[in-house]
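Participant: Next up is a structure, given as structure tokens.
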Amino acid sequence: MASATPINMSHYGARHNLTHNWRLLISCMLLSTCYFTFGYDAYIYAGVIAMPTFVANFGTLTPEGYLLTARDTSIVSSIPTIGAVLGFVMIALMADRFGRKVTIYTGCVIGLVGMVLQTIGVSLAVLTVGRTIAAMSTFVTLNMAITLSAELAPASIRGSIMTLSAVTIGIAGVIASGINYATYAIMTNFAWRLPVGLQLAGPVLIVISVFFVMESPTFYLIKGEDAKARQSLVAVRQGYTDAEIDNELENMRHQRALPAKEEKVSPVDIFKGANLQRTFLASSFVIITQLSGLAFSTTYAAIFFIQINQANPFLMVLALTILQLGGACTGQVLIEVLGRRKQALLATSVLFVLNIAIGGLGFAQATDKQAMTAIAALCLVFGFFIAATMSPLQWCAIAEFPTARLRNVTTAYSLLNANLATLVISYVLPYITNADAGNLGPKVYLIFAGFMLISFVWAFFRYPEIRGRTMAELDEMFEARINPRQFRKHVCLNSLEHTATIINKQDGSNLTVIPDEKHNARNQASVQEVEIGTV
């Protein structure tokens, strides 16, 4: 038996990919332009709907002057969610047939139409139609960016790659809030048309950026184009040997029902068998995040600060978005240090405490300056913490839980749930918080606290730890119906360590690399080489 140097099948882990794999990181950064457009739209309207000139144009005349009533605010903020439903249909029809990149390009073209309508909007109806069309575009591009990033990223840094979305959305929030702060005092329609019109740059930037990103290797495997899949994988695995590339590609092939020619799938399959649990988990934190009180950190931020008598609500929103950006950067580290399960428990428990505190202070009189200042301060803390914990979880859940053949539909369904949750919350909140309606104000946070308590209990019993797992490993564990609390310790047969690899020796003979079972039982990546003959 010839001696040989052992090969560590996971030699190129998180440190290598974060410090040397520039093509992978640049690709994911280019894809993050899709997240930026999504974040800019959300945050720009948080300020625009509170601008005096916007209210004068689209509000209702009352004895106290023009006012955006609860009905007006609900229409502007919630009706565009219909665009997400249209986007879901578009993804189901296009993504696996034409690819992730083509779907993104199509979404961008549609988005330009909606953004033009918003910029020239002469009525609330035209503005709402424009937002609905743009929402369809944003839904499609966001979904495809999540899918493509997850399929390009290696398991060792998948969490950090996916939480890049939260950082980019945070950057968009700071920029959007800064623009609103700079223009809100202008007493012409330019005050709101400029921030809204700048959205037009988003689709153009996305098209240019995505042009330089390779197509997903998973998409090529679905189409049966293995050579292209390998070429795509090589481009984002700098420093990897041919054997390691082949190993990862083989691991991708182990994903359940991958080749389209071998097994057809239907969108309704996301509700069948083990996929039902995966679909529920993928959707979990996008809904929980909306139930946490996030709306007051985005859509209604400026209006809420006006309700609690803050002197300059636009400056407060700018401060809030800066803190959220800091939280998102922190979340990129936390998601890999704590893992998914511990972060879920931390997020729900701390947000429960913050919601109780804000809601309790809401019983103070509006003239109590100290109480109102304390509420504002806690809202800033809330913004930082939700960006550091809850937001990274929702993006990771959307990307990691779906199986390969159903990833597009599951991701789209999860984002659709987020939009529907936003629709309900955005429509209901004005009616229960505005002075002309339920007048709950900050006390509404007590309702959010109840949701966080329920979410904590659910996460403790049902949320699995999937940090560092390959997609094939997740397929195996979900099909085996492993208890969610046992995911972290479970040893998978489909891990890379189990995959036998044929490599060429210098003398021209072949060598089979197989894992050492004792090492594998400890779930480590090292393997033992055993020569079984020459060819």
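The values are calculated or read from the model by the stated rules, or taken from the named source; none is laboratory data. Remember, predicted model here, so these are calculated numbers, not experimental data. For neighbour counting, all protein chains shown are included, and Cβ atoms are generated from backbone atoms with ideal geometry for every residue, glycine included. Surface accessibility is based on the protein's heavy atoms, side chains included, excluding ligands, DNA and RNA. Shrake-Rupley method; radii C 1.70, N 1.55, O 1.52, S 1.80 Å.
Participant: Can you bin segment 144-250 into rounded, prolate or oblate? Criterion: square roots of the alpha carbon gyration tensor eigenvalues sorted a ≥ b ≥ c, rounded for a/c under 1.5, prolate for a/b above b/c, oblate for the rest.
Facilitator: Because a/c hits 1.5 or more and a/b exceeds b/c, segment 144-250 counts as prolate.
Participant: Cα-based Rg (one decimal) and Dmax (whole number) for segment 50-203, in Å?
Facilitator: Final numbers for Rg and Dmax: 17.8, 61 Å.
Participant: For residue 380, what accessible area in Å² do you get when you roll a 1.4 Å probe over the heavy atoms of the protein chains, rounding to the nearest 10?
Facilitator: Its accessible surface works out to 30 Å², give or take rounding.
Participant: Provide, for q = 0.18 Å⁻¹, the log10 of I(q)/I(0) from a solvent-free Debye sum over equal Cα point scatterers in segment 121-174.
Facilitator: Reported log10 I(q)/I(0), two decimals: -0.72.
Participant: Sticking with this one: Please list 3J(HN,Hα) in residue order for segment 477-490, calculated via the Karplus relation 6.51 cos²θ - 1.76 cosθ + 1.60 where θ = phi - 60°; whole Hz, with x for glycine and proline.
Facilitator: Karplus-based 3J(HN,Hα) across segment 477-490 equals 5, 5, 5, 7, 6, 5, 4, x, 6, 9, 4, 4, 9, 5 Hz.
Participant: A further question on this structure: With every protein chain left in place, what is the accessible area of residue 82 in Å² (1.4 Å probe, nearest 10)?
Facilitator: Residue 82 has an accessible surface of roughly 90 Å² with all protein chains in place.
Participant: Counting only protein chains, not ligands or nucleic acids, how are 244, 250 ordered by accessible area (probe 1.4 Å), most first?
Facilitator: Ranked from most to least accessible, the order is 250, 244.
Participant: On the accessible surface of segment 325-458, probed at 1.4 Å, how many percent belong to carbon and sulfur atoms?
Facilitator: Accessible surface attributable to carbon and sulfur in segment 325-458 totals 74 percent.
Participant: Amide H of residue 60 versus every other amide H placed in the peptide plane: which residues, excluding those fewer than 5 positions away on the same chain, fall under 5 Å?
Facilitator: It is 67, 68, 69, by chain and number.
Participant: For a test of the definition: using alpha carbon positions, the gyration tensor, and the 1.5 limit on a/c, classify segment 385-494 as rounded, prolate or oblate.
Facilitator: Since a/c reaches 1.5 and a/b is larger than b/c, the shape of segment 385-494 is classed as prolate.
Participant: First check a/c for segment 200-271, with a ≥ b ≥ c the square roots of the eigenvalues of its C-alpha gyration tensor; if it is under 1.5, answer rounded, and if not, answer prolate when a/b is larger than b/c or oblate otherwise.
Facilitator: Because a/c hits 1.5 or more and a/b fails to exceed b/c, segment 200-271 counts as oblate.
Participant: Which loop chymotrypsin sites (Phe, Trp or Tyr not before Pro) in segment 193-294, with loop taken from DSSP, have no more than 16 other Cβ atoms within 10 angstrom of their Cβ?
Facilitator: Those satisfying the criteria are 211, 212.
Participant: Using a simple spin-label model with points 7 Å from Cα along the Cα→Cβ vector, what separation in nm is obtained for residue 457 and residue 204?
Facilitator: For the pair residue 457/residue 204, the computed spacing is 5.3 nm.
Participant: Determine the principal axes of the Cα atoms in segment 113-202, then give the extent along each, sorted from largest to smallest and rounded to whole angstroms.
Facilitator: Rounded to whole Å, the extents work out to 52, 26, 17 Å.
Participant: Calculate the length of the line joining the C-alpha centroid of segment 308-348 to that of segment 31-91, in whole Å.
Facilitator: Centre-to-centre (Cα) distance: 23 Å.
Participant: Let me know the whole percent of all Cα-Cα pairs from segment 151-199 that are separated by more than 15 Å.
Facilitator: 58 percent
Participant: Something else about it: Given the pairs 228/264; 369/443; 223/272; 101/489, which are separated by over 27 angstrom at their Cα positions?
Facilitator: Flagged as over cut-off: 101/489.
Participant: Still on this structure, I have one more. Can you give the accessible area per residue of segment 452-493, in Å², using a 1.4 Å probe?
Facilitator: I get 51 Å² per residue for this part.
Participant: Roughly how many Å² is the accessible area per residue of segment 362-425, as a whole number, for a 1.4 Å probe?
Facilitator: 30 Å²
Participant: Need one number: nm distance between label points at residue 274 and residue 188, each 7 Å from Cα along Cα→Cβ, rounded to one decimal.
Facilitator: 6.3 nm
Participant: Also, I was wondering about something else. At 0.36 nm per residue, and after removing the present C-alpha to C-alpha distance, how many nm does the segment from residue 93 to residue 18 gain when stretched out fully?
Facilitator: Length gained, residue 93 through residue 18: 23.5 nm.
Participant: Can you give the FRET efficiency to the nearest 0.05 for residue 102 and residue 366, using r as the Cβ-Cβ distance and R₀ = 41 Å?
Facilitator: Efficiency for this residue pair is about 0.15.
Participant: What nm value, rounded to one decimal, do you get for the distance between residue 125 and residue 69 when each label is placed 7 Å out toward the C-beta?
Facilitator: 1.7 nm
Participant: Along each of its three principal axes, how wide is the spread of alpha-carbon positions in segment 187-241, in whole angstrom units, largest first?
Facilitator: 62, 27, 12 Å, listed from the longest principal axis down.
Participant: When ligands, DNA and RNA are left out and all protein chains stay put, how many square angstrom of accessible area per residue does segment 129-270 have with a 1.4 Å probe?
Facilitator: 36 Å²
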